[in-house]
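Notes for the one structure printed next.
The values are calculated or read from the model by the stated rules, or taken from the named source; none is laboratory data. What you see is a predicted model; the values in this text were computed from it and never measured. Don't worry about glycine lacking a Cβ; one is built from the backbone with ideal geometry, like all the others, and counts go over all protein chains shown.
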Amino acid sequence: MLIVFGFIFYLASELEEHARDNRFPKSWGKWWNSDTSWTNKHRWYPSWFWKTAGVWATDAEHAFELLGTFSVLFALLVSQGNLESVLYFYAGTIIGGIFKELFLKNVQ
């Protein structure tokens, strides 16, 4: 199972990179490429939800990022056998996201 979750993580990372770098065909629609999909966060209502908890559904980049995170969480659950390690890992990802938004958002 760990090999499967590792493969899913790798695949999700590659697809996330493709979406971020706008390498999917434009004919697939605006959800697939970051240069057009960012508008979904502002057009869909309520916009505060799509900019926060629902961001994973607004574009391919965030959906594949979530898939990669889930693959790590399930790998931890399988290997550690307890939910506590999964919750600690996920808390770390949330803290990292908060840190990014508070301190690194305007750093170039």
Exercise for the section: Being touching a Phe, Trp or Tyr at 6+ places or on another chain (Cβ under 8 Å) and acidic (Asp, Glu) is the filter here, so list the residues in region 40-61 that pass it. Expected result: ASP59
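Yes or no, residue by residue, for (1) in contact with a helix residue (DSSP H, G or I) (Cβ under 6 Å, 6 or more places away or on another chain); (2) among the aliphatic types (A, V, I, L, M):
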| site | (1), (2) |
| --- | --- |
| HIS62 | yes, no |
| GLU65 | yes, no |
| VAL78 | no, yes |
| ASN82 | no, no |
| ILE94 | no, yes |
| GLU101 | no, no |
| LYS105 | no, no |
Problem - Residue list for region 70-105, filter: part of a helix (DSSP H, G or I) and either on the phi > 0 side of the Ramachandran plot or among the charged types (D, E, K, R) (or both) - result: GLU84, LYS100, GLU101
Handout entry: Enumeration of residues in region 40-62 that are surrounded by fewer than 18 Cβ atoms within 10 Å (Cβ to Cβ) and either assigned to a helix (DSSP H, G or I) or touching a residue at least 24 places away in the same chain (Cβ under 8 Å) (or both)
Key = HIS42, ARG43, SER47, TRP48, PHE49, VAL55, TRP56, ALA57
Practice task
Mind telling me which of the residues PHE9, PHE24 ends up being surrounded by 13 or more Cβ atoms within 10 Å (Cβ to Cβ), of a type in the set (Phe, Trp, Tyr), modelled with pLDDT of 95 or more and within 19 Å of GLY92 (Cα to Cα)?
Solution key: PHE9
Handout entry: Qualifying residues in region 21-39 (those that are in contact with a Phe, Trp or Tyr (Cβ under 9 Å, 6 or more places away or on another chain) and part of a helix (DSSP H, G or I)) - the one farthest from ILE98 (Cα to Cα)
Key = LYS26
Completion exercise
A careful count of residues in region 86-108 that are within 20 Å of ILE8 (Cα to Cα) and among the polar types (S, T, N, Q) gives 1
